[in-house]
Amino acid sequence: MTRLLVVDDDPHRRHELLDAARKASFEAFAASSGAEALEVLAGTPDIAAILLDLVMPELDGMAVLERLARLDARVPVIVVSPDEEPARIASAMHAGAADFCVAPVSAARLGVTVANAIRLADTHRALGRAGSDPVTLQDYVSSNPAMLRAIDQARKAARSPLPVLIEGEAGTGKLDLARAIHLGSERAGKPFVALDCGATSPAETEARLFGGNDGDQGAVVSARGGTLFLSDVGALSAGSQARLNLLLAEGKWQPAGSKRTVPANLRVIASTRQRLLNLASAGVVRQDLFYRLNVMPVYLPPLRDRREDLERIAAAMLSAIAVASGRYIPALSEAALATLCRHDWPGNLRELRATLAQAIAISRSDSLGPEDFPALLVRAEGIESARNRFVSTRSCATPVHIDTLSPAGARSHPEAARDRFLDDNGDLRSLAEVERDLIAFALDRCKGRMARVARLLGIGRSTLYRKLKDHGIAQNAQSRAA
């Protein structure tokens, strides 16, 4: 049974959370303070997640998050707040919290939130990286015959010292595959240098590749002993092609301003968005250069031709985004997957990654649905159908025309404003009632920062906590602050 630690100094809310956790089939442990929470965590093995209150005396929730980070305790923390207070929750997420929920929380909602947080933590541990490590050939899995051929050819290329030519549309992942081939080769511990041949002018590209007269070393020198990856190789000038052809033919190259050739200890991997054979037939690329590059050809199929892999690719991208951002990322629903599969993906993997990142930014649910991909819906269904679907899944307030609004700060009926010291009958309110509202107002104004509240009210923190308990506003101060 999954073990959960509930940390809250308020007995009533702590009991509610423990009850919800047990109804959600968790084995729940309780702590009434931050210090006690650290003790329970140290003495209880296999705590899978922590439900943490932020506002506690002495060692508060933010301090607990700081201690956990210092101890490198990789237990996911879910912040429990009596109200959805953005500034406080944002600070907690920045400090390392995996997610948050607003109290009171149902058992069903708690179960989903905890499961998501645990899944994110498992992803962190499984990947063992911050989302920046390159993929290897072992990471390539496919159900598509054309992609399986590409993977098989790439693995053969990794075992060979021969040049490799990777062809495929823009965004199909040619750079990632080239790096994976390098990592699978005997040159894995040596440099991997990538140069986009079409990114700059032909003269500048030649200088960046072979070095300039000013003494700057080029990519050929930087890649010594390793792999030189030339993206968009068909964009090289005739002069650069001749020098590259010499390098491939004889394993030597001619530095800028020199009449002699020097050995080039490197492996060349080239890529192109167009068929290099077509470019050679059209006279854009030298015929002999084509034959020397096309020794180990690998063709990456476009994403539209391997839709059976789309779910697997999207899941991997979502996990990578989760690890890089350090937070839970919504899962992909079946309906959303169907929406993705209907699209042709002219930008291939690059477009898919950007589309998923955009959907995550606008999603407000536990899973990504079709409504989180409005641009795809418009293309597939038309703007009216997409608008209707979007509106049906988003609850929006009734629009108010600007002409009906009063000027900022204006009161329609100033005489109707009730004095804060009078009740509904016009009688004086009790001192306790006024004090209760003042404390709640101060909590809201100070964003729950207890030391500041106590200082502004002119009382000690212990007195403030006692008054919170006496007035019964410790668990819903934000909602009573208006």
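Of the helices (runs of 4 or more DSSP H) lying entirely inside the range 1-98, those containing at least 2 residues that are modelled with pLDDT of 85 or more, more than 19 Å from VAL114 (Cα to Cα) and over 28 Å from the mean Cα position of the chain (by Cα) are 11-23, 34-43. Determine, yes or no, whether ALA130 is part of a loop (DSSP other than H, G, I, E, B) and at pLDDT below 90. Here the answer is yes, as ALA130 does meet what is asked. Once the range 437-475 is narrowed to residues that are surrounded by fewer than 18 Cβ atoms within 10 Å (Cβ to Cβ) and of a type in the set (Val, Ile, Thr), the residue that is nearest to PRO11 (Cα to Cα) is THR463. Screening the candidates ALA375, ALA386 for the property of being modelled with pLDDT under 80 and part of a helix (DSSP H, G or I) yields one hit, ALA386. Those helices (runs of 4 or more DSSP H) of the range 139-225 in which at least 2 residues are over 30 Å from GLY257 (Cα atoms), considering only elements entirely within it, cover 145-158, 174-183. Exactly one residue out of ARG466, ARG452, ARG436 is farther than 20 Å from ASP60 by Cβ and in a helix (DSSP H, G or I): that is ARG436. Within the range 357-368, the set of residues being outside any helix (DSSP H, G or I), surrounded by fewer than 19 Cβ atoms within 10 Å (Cβ to Cβ) and either of a type in the set (D, E, K, R) or at pLDDT 80 or above (or both) comprises ARG364, ASP366, SER367. I want to confirm something. Restricting to the range 23-60 and keeping residues that are open to solvent by 60 Å² or more (accessible area, probe 1.4 Å) and in contact with a helix residue (DSSP H, G or I) (Cβ under 8 Å, 6 or more places away or on another chain), which single residue is nearest to ARG461 (Cα to Cα)? This residue is GLU58.
Going by the conditions given, is LEU246 closer than 24 Å to PRO302 by Cβ and free of Cβ contacts under 8 Å to residues at least 60 places away in the same chain? No: the conditions fail for LEU246.
Somewhere in the range 209-225, is a residue touching a Ser or Thr at 6+ places or on another chain (Cβ under 7 Å), of a type in the set (S, T, N, Q) and at negative phi? The answer is no, given that none of the residues of the range 209-225 is touching a Ser or Thr at 6+ places or on another chain (Cβ under 7 Å), of a type in the set (S, T, N, Q) and at negative phi. Of all residues in the range 167-189, those being open to solvent by 70 Å² or more (accessible area, probe 1.4 Å) and over 30 Å from the mean Cα position of the chain (by Cα) number 1. Taking the range 439-453, which residues are over 18 Å from PRO82 (Cα atoms) and modelled with pLDDT of 80 or more? Correct list: ARG452 only.
The values are calculated or read from the model by the stated rules, or taken from the named source; none is laboratory data. The model shown is predicted, which means the values in this text are computed figures rather than measured ones. Reconstructed Cβ throughout: ideal geometry from the backbone, glycine too, with neighbour counts over all protein chains shown. Surface accessibility is based on the protein's heavy atoms, side chains included, excluding ligands, DNA and RNA. Shrake-Rupley method; radii C 1.70, N 1.55, O 1.52, S 1.80 Å.
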